[in-house]
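**Q** Please find one structure pasted underneath; my questions will follow.
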Ligand code: FPP
């Protein structure tokens, strides 16, 4: 999996060739509602502007040579929001896929969906599957859309699948290792996120990529998601570039 060379060609100083650019970046796109209420607008307008920000950020990730961008677009807990807001978020996803799919495909972007699919409305499910099918062979950036996603549910599902294999005699308890668990997650085959960005000043993971975030770097900003623009992403990337990732070890200089 490698970034689109054409996009990398016009990348700025933070381009992919730099070891400081995360291979995989994940976004918790928080603050749409607060962005809207502080302007006397409806929450749905906040989500609409959130989608505009998302479009800009996907494009900018491509120019920066990021290989995988994961977005938290609807969590398993978001069903508890007022019904009209849930409906609006569903329609926004539909709009995003219908309007942007051909452009994303042209940009050689591969779409991958993570999250629980069974409880989704058949129309939405088909749209998501069609988007995955159309872009499956693309070799540019991976756009991973976490929709109806919850990390605890994902881990529970993985444990259940391993237990079923164990009960069927297809797996020994001694074979259960970290890789075996990772292979049963929705993110199987993807590298863990190097950097997780959360907007809106909230300092938590909210059931997002709990297993995969074991060694992720975090970047929190007070900006609300609709205000998170290209310059804000570059600032996050600069911060990431200055981190010393030791994975529980020590830096080379300390040896
Ligand atoms: C959190 O802000 C945001 C969401 C629950 C939805 C994120 C959706 C988008 C950015 C638009 C793109 C959508 C799709 C489906 C592709 P919040 O509503 O919790 O804001 P608040 O904390 O200020 O209330």
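Coordinate-derived values only; no laboratory data. Being a predicted model, the structure only gives us computed values, none of them experimental. Positions of Cβ are generated from backbone atoms using ideal geometry, with glycine treated the same way; all protein chains shown enter the neighbour counts.
**Q** Roughly what would the spin-label model give for residue 202 and residue 234, points 7 Å off Cα along C-beta, in nm?
**A** 2.9 nm
**Q** Above 18 angstrom, tally the Cα pairs of the stretch 164-231 and express them as a % of all pairs, no decimals.
**A** Tail of the P(r) past 18 Å holds 54 percent of the pairs.
**Q** Per 0.36 nm of contour for each residue apart, how much would the distance between residue 129 and residue 42 grow if the chain were fully extended, relative to their Cα-Cα spacing?
**A** Gain on stretching residue 129 to residue 42: 28.2 nm.
**Q** With the chain treated as a Gaussian network of Cα nodes joined by springs under 10 Å, which of 216, 206, 174 yields the largest mean-square fluctuation?
**A** 174
**Q** Continuing with the same structure: Can you classify the chain as rounded, prolate or oblate using the Cα gyration tensor, where a ≥ b ≥ c are the square roots of its eigenvalues, rounded means a/c under 1.5, and otherwise it's prolate if a/b beats b/c and oblate if not?
**A** rounded
**Q** Quick one: 116, 137, fewest Cβ neighbours within 10 Å first, how do they rank?
**A** By the 10 Å Cβ count, ascending: 137, 116.
**Q** If you take the square roots of the eigenvalues of the alpha-carbon gyration tensor of the stretch 86-188 and sort them as a ≥ b ≥ c, do you get rounded (a/c under 1.5), prolate (a/b over b/c) or oblate?
**A** The shape class here is prolate.
**Q** Would you look at the GNM of the chain, springs on alpha carbons closer than 10 Å, and say which of 212, 49, 118 moves the most?
**A** With Cα springs under 10 Å in the chain, the top fluctuation among 212, 49, 118 is at 118.
**Q** So, in nm, how far is label residue 153 from label residue 227 when the simple model puts each one 7 Å beyond its Cα toward the Cβ?
**A** For residue 153 paired with residue 227, the spin-label model returns 3.2 nm.
**Q** In addition: Once label points are set 7 Å from the Cα along Cα→Cβ at both residue 247 and residue 180, what is their separation, rounded to one decimal in nm?
**A** 2.2 nm
**Q** The stretch 156-207 to the stretch 20-90: how many Å between their Cα centroids?
**A** For the stretch 156-207 versus the stretch 20-90, the Cα centre distance is 24 Å.
**Q** Cut-off is 10 Å between beta-carbons; in what order do 71, 176, 114 appear when sorted fewest neighbours first?
**A** Going from least to most buried by this count: 176, 71, 114.
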